[in-house]
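For reference, the structure is listed below as C-alpha cells.
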Amino acid sequence: MKRVALIYGSVFLKHDTGGHSENKRRVSETYRYLKSRPVFSKLTELAPRQAKPEEILLVHAKAYFDALTSFPKDEVAYLDPDTIFGPGSLEAALGAAGSVTLSVDKIKAGEIDSAFCLLRPPGHHARPARAMGFCIFNNIAIGAAYATRVRGYDRVAIVDFDVHHGNGTQEIFCEDARVLYASVHQWPFYPGSGTPNEKGEGAGKGRTVNVPLLARSGEREYMKALEETILPAVRDHKPSIIFISAGFDAHEADPIGGMCLETSSFGRMTRAIGEVASEVCGGHIVSALEGGYNLPALAASVGAHLEALVDQGKSGRARANPAKGA
C-alpha cells in the first residue's frame, strides 16, 4: 500500500465565488464524503502551505503577480469573463500552488509516495501573465517547474485528464524538454486548443502530446488514449515524478462537460497511470484537483482516484471495460 497524502484546508474556502460553478462546496463536500469512506483512514492528512513569491514566479510574470498582490483587499472583480477574484482569493490561490510544491518536498524527503491536493481555485488554464477559465495560478505547472528547477528532478511528466485542454500548462512548457505535457480532453471544446499537431516547440518539440476526443466519448476511448498514446510517451520520457491534472468533469453527470465517464472510470485511469509511475519513478505521483462540477459525482470520483493511488501496484494492468464507452 502506497503512502498517500491528502492536502486540504479551510484556506480553499476563502475564495468566495458565490453561486458560481467553481465554488467552495466542491472541496468542502468532497472532503466530507472522503471522511466517510474507508480510504480516508489510509491517508496522511497534511495542511496546505502558502506558496512563496519565487515559486509563483517560476511560471508567472512578475507584473501579473504584482497586480494580484496589490489588488484592493475589499473589492471583487472578474480577472476574465469566468474567473472571480475577491478578498480571500489570493490567499486561497497561494495555498493551492503551495500545496503542490509541498507535495514535491514531502516526496523528495521520502515521507510519502504520492499526494492528492484537494484544492481550489484550479489551475491548468492559467497562462503566464493572465487568469483564465476559473484559474488564477497554474498549480500543476508551478509544481512541475519547482520539481525541475528547485528540487533537482531531471524530468517530469504531467498527465491531464480534465475534460478541458490545459492550454496554460501547455503554453508554459511548450519549449521545455524536461517536462512532458500529455492531455486527453473533449474537442472541439473550450478553450479551443489541444489538437494533435500541437507538439511543442524548440527544445520541447515532441514533449507535448494531445489526444482530443469527440463529445460523448467514454471509458473505452479514454483508456485507448492512455494506453496507446499518452502512457507510452510517459514511459519514453522516463520522468522522475508524475503530476496529474485531475479534472473530474468528464463524468457523465457533469453539467459542464460532455463526456460519458463513470465514477469507476477515474479509478481505472488512475491505476493505469500508477502502473507506469511504478515502472519509471518509484510510484511517485502528485495529483491536484482541476474541474468537476456535479458535487456527488466529483466526491465519488475523487474517492475512486484516491483508492487507486493507495492501492497502486496491488492489481494487474488496468483495462477498459469493453461494455462501456460511446
Can you tell me which residue among R149, R178 is at pLDDT 95 or above and within 20 Å of R49 (Cβ to Cβ)?
R149
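Return the residues of segment 1-24 that are farther than 22 Å from E75 by Cα, more than 18 Å from the chain's Cα centre (by Cα) and either among the aliphatic types (A, V, I, L, M) or in a helix (DSSP H, G or I) (or both); say none if nothing qualifies.
M1
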State which residue is nearest to the chain's Cα centre (by Cα) when the search covers only segment 277-291 and only residues that are assigned to a loop (DSSP other than H, G, I, E, B) and more than 9 Å from P122 (Cβ to Cβ).
H284
Lone unmet requirement of (1) within 29 Å of F173 (Cβ to Cβ); (2) touching a residue at least 24 places away in the same chain (Cβ under 8 Å); (3) small (G, A, S) for G88
(1)
Which condition breaks for K52 when tested against (1) in contact with a helix residue (DSSP H, G or I) (Cβ under 6 Å, 6 or more places away or on another chain); (2) of a type outside the set (S, T, Y); (3) within 23 Å of S287 (Cβ to Cβ)?
(1)
Filter segment 191-214 for residues that are in a strand (DSSP E or B) and in contact with a Ser or Thr (Cβ under 9 Å, 6 or more places away or on another chain) and give the result.
T208, V209, N210, V211, P212
So, in segment 118-168, exactly how many residues are part of a strand (DSSP E or B) and either hydroxyl-bearing (S, T, Y) or buried (at least 24 other Cβ atoms within 10 Å of the Cβ) (or both)?
6
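In segment 228-254, what count of residues is obtained for those that are assigned to a loop (DSSP other than H, G, I, E, B) and surrounded by fewer than 24 Cβ atoms within 10 Å (Cβ to Cβ)?
5
Considering only segment 41-96, state which residues are hydroxyl-bearing (S, T, Y) and surrounded by fewer than 15 Cβ atoms within 10 Å (Cβ to Cβ).
Taking segment 41-96 and keeping what is hydroxyl-bearing (S, T, Y), we get 41, 44, 64, 69-70, 78, 83, 89.
Answer for segment 41-96, where residues must be hydroxyl-bearing (S, T, Y) and surrounded by fewer than 15 Cβ atoms within 10 Å (Cβ to Cβ): S41, T44, T69, S70, Y78.
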The lone condition E275 fails out of (1) touching a residue at least 40 places away in the same chain (Cβ under 8 Å); (2) farther than 26 Å from D154 by Cβ is (2)
If we keep only residues of segment 127-183 that are β-branched (V, I, T) and over 22 Å from P196 (Cα atoms), then the residue farthest from the chain's Cα centre (by Cα) is V150
Is one or more of the residues making up segment 261-268 in a loop (DSSP other than H, G, I, E, B) and surrounded by fewer than 22 Cβ atoms within 10 Å (Cβ to Cβ)?
yes
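The values are calculated or read from the model by the stated rules, or taken from the named source; none is laboratory data. Computed from a predicted model, the values in this text were never measured in an experiment. Ideal geometry is used to build each Cβ from the backbone, glycine not excepted, and the neighbour counts take in all protein chains shown.
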